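Enquirer: Before anything else, here's the structure in question.
The values are calculated or read from the model by the stated rules, or taken from the named source; none is laboratory data. From a predicted model like this one, the values you see are computed outputs, not experimental measurements. Heads up, the Cβs are rebuilt from the backbone with ideal geometry, glycines too, and the neighbour counts pull from every protein chain shown.
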Amino acid sequence: MEEAEVLCDRLGIFVDGSLQCIGNAKELKGRYAESYIFTITTSSNHEEEVENMVHHLSPNANKIYQISGTQKFEMPKQEVRIADVFQSVESAKSRCTVFAWGLADTTLEDVFVKVARGRRPSTYYHDSQIYLPLISTVFMHDDKVFHYISR
């Protein structure tokens, strides 16, 4: 997906043969990117404090995972100011050891997954078999077409 973002003028996302959206990478991110991804690593005994800090910043934040002091949250953009995140992390550093942290915008891959899930649930169960929808993306650059398929 990173190559597509750099090389292509327009992208189209197909799910099960039906075009779901088309536009340049910036347009698609603007249309489908609704959250920031906040990742922070502290010692394991400060995980609850970090979770409280995140929910203070963004009441609708969703914890994506938590493993050995590393926590990852999805924070809706409309609730979060980037300056407030920096200020909260700096404040947390005075109370606990913050080994690493980061705030990332939605990637093109996140948009791809969101569009595909919006069309259909990620898996269907039918006669003890799992059905995964066929998802494809068409990349266009200078009248050349590139095609990416995943399941």
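Enquirer: Report whether or not ILE22 is in contact with a Cys (Cβ under 6 Å, 6 or more places away or on another chain) and in a strand (DSSP E or B).
Expert: Judged against the criteria, ILE22 is not a match.
Enquirer: Then there's this: For region 56-70, name all the residues that are exposed (fewer than 14 other Cβ atoms within 10 Å of the Cβ), of a type in the set (S, T, N, Q) and either more than 15 Å from THR41 (Cα to Cα) or under 16 Å from the mean Cα position of the chain (by Cα) (or both).
Expert: Hits for region 56-70 are ASN60, ASN62.
Enquirer: Go through region 5-30 and count every residue that is within 26 Å of MET75 (Cβ to Cβ) and either touching a residue at least 12 places away in the same chain (Cβ under 8 Å) or touching an Asp or Glu at 6+ places or on another chain (Cβ under 6 Å) (or both).
Expert: So the count comes out to 10.
Enquirer: How do the strands (runs of 3 or more DSSP E) wholly within region 71-137 filter down when requiring 2 or more residues that are surrounded by 13 or more Cβ atoms within 10 Å (Cβ to Cβ) and at pLDDT 90 or above: which remain?
Expert: Result: 98-104.
Enquirer: A follow-up question, please. For region 26-44, which positions are within 13 Å of the chain's Cα centre (by Cα) and polar (S, T, N, Q)?
Expert: SER35, THR39
Enquirer: Out of the residues in region 87-115 that are touching a helix residue (DSSP H, G or I) at 6+ places or on another chain (Cβ under 9 Å) and among the acidic types (Asp, Glu), which is farthest from GLU48 (Cα to Cα)?
Expert: Result: GLU109.
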